[in-house]
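Everything on this sheet refers to the single structure shown next.
Throughout, read-outs are computed from the coordinates displayed, never taken from laboratory work. Nothing here was measured: the structure is a model prediction, and the numbers come from that model. Glycine gets a Cβ as well: all are built from the backbone with ideal geometry, and neighbour counts include every protein chain shown.
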Amino acid sequence: MASHNKENPLRPRLPEHTAEALISFIEDYAGNMPVVIGLSGGLDSTVVAYLCARALGPERVYAYHMPDDSTPEEDTRHAETVAEKLGINYSSVDITPVEEAFFSIHPMEDRVARGNVKARIRMVLLYSHANLLGGLVAGTSNKSEILTGYFTKYGDGASDFAPIGDLYKTQVRELARILGVPREIIEKAPRAGLWAGQTDEGELGIEYDLLDSILHGIELLYPSEKIAELVGVPMETVMRVEEMVRRSMHKRTLTYIAKIGVRTPGWDWRER
């Protein structure tokens, strides 16, 4: 089995001119509409803010930071830093009162379920702002999160378009360096901020460097045994990631529709 110290042939590489391609994509998709972003202070939302500011101009980008009582002060500081650096429109809305009101009428002890509620509250606010502005909501989920289901359905997984949705987390980091994102944001531990002490890799149970390589092998249709050999991990690890992808399939589809007609939305009705 391969050693972790050797070059990993399945490590996703960032395609050349990715930044330019994504900026063009945003320009084409948004047209003359403004764009709303949930700016958490983390890497993914920061990269999306950088791309949108370059594509549309800072005056057409509206960033909303939505902290609660579990949001690290560092994240708020980073969100403010990014907004100031880019010159985009910025607002901070404390969602704690909304959470307290919800949980007062529907108590929940499970922290994952509570975290999903928080994510959906944030998306409700983003779409409300987009409605008022006549704009679009830019998603901030990356390919690693989308493939493993590490997002809240109708929460942070909801958006009108997803600029970095086809980039693995490790590719997003690389793109961030190209865009000039502050180093402290690139290097801090990824976290969704849904409860105190939460981190992405802690919840996923695997480092992004390994996860992305396994997912890339799955994307390339490599057999499980080959992925394990090339990445240098036990077969059990590959099988666990494959199961995460299978179990989260429903989260990558808006809704499943029973097929009756000739062409059915979500099946064979193509919009473009």
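Taking a ≥ b ≥ c as the square roots of the eigenvalues of the Cα gyration tensor, segment 209-272 is classed as prolate, since a/c reaches at least 1.5 and a/b is larger than b/c.
Cross-link pairs exceeding 28 Å in C-alpha to C-alpha distance, out of LYS118/LYS188; LYS188/LYS226; LYS143/LYS226; LYS118/LYS259; LYS143/LYS188, comprise LYS188/LYS226; LYS118/LYS259. For segment 125-190, the list of chymotrypsin sites (Phe, Trp or Tyr not before Pro) that fall in a loop by DSSP and count at most 15 other C-beta atoms within 10 angstrom reads TYR154.
Put simply, the amide H of LEU136, placed in the peptide plane, has neighbours under 5 Å in VAL35, VAL36, leaving out anything fewer than 5 places away on its chain. Amide H contacts under 5 Å for ASN89: VAL61, ALA63, restricted to partners 5 or more places along the chain or on a different chain, H placed in the peptide plane at 1.01 Å from N. Between ALA79, ALA130, ALA101, the Gaussian network model of the chain with springs among Cα atoms under 10 angstrom shows the greatest mean-square fluctuation at ALA101. Please return the longest stretch of the chain lacking exposed loop sites, where GluC sites (Glu not before Pro) count only if DSSP places them in a loop and at most 16 other Cβ atoms lie within 10 Å. Formally, the longest exposed-site-free interval is 110-206.
The mean sequence separation of alpha-carbon pairs under 8 Å and at least six residues apart, normalised by the residue count of segment 1-118, gives a relative contact order of 21 percent. For the chain, the longest principal axis of the Cα atoms and the long axis of helix 18-30 meet at an angle of about 40 degrees. The distance separating the Cα centre of segment 164-192 from that of segment 63-124 comes to 21 Å.
When Rg/Rh (Cα atoms, Kirkwood Rh) is calculated for this entry, the matching label among (1) 1.21; (2) 0.97; (3) 1.01 is (2). Helix 169-179 axis versus longest C-alpha principal axis of the chain: approximately 60°, rounded to the nearest ten.
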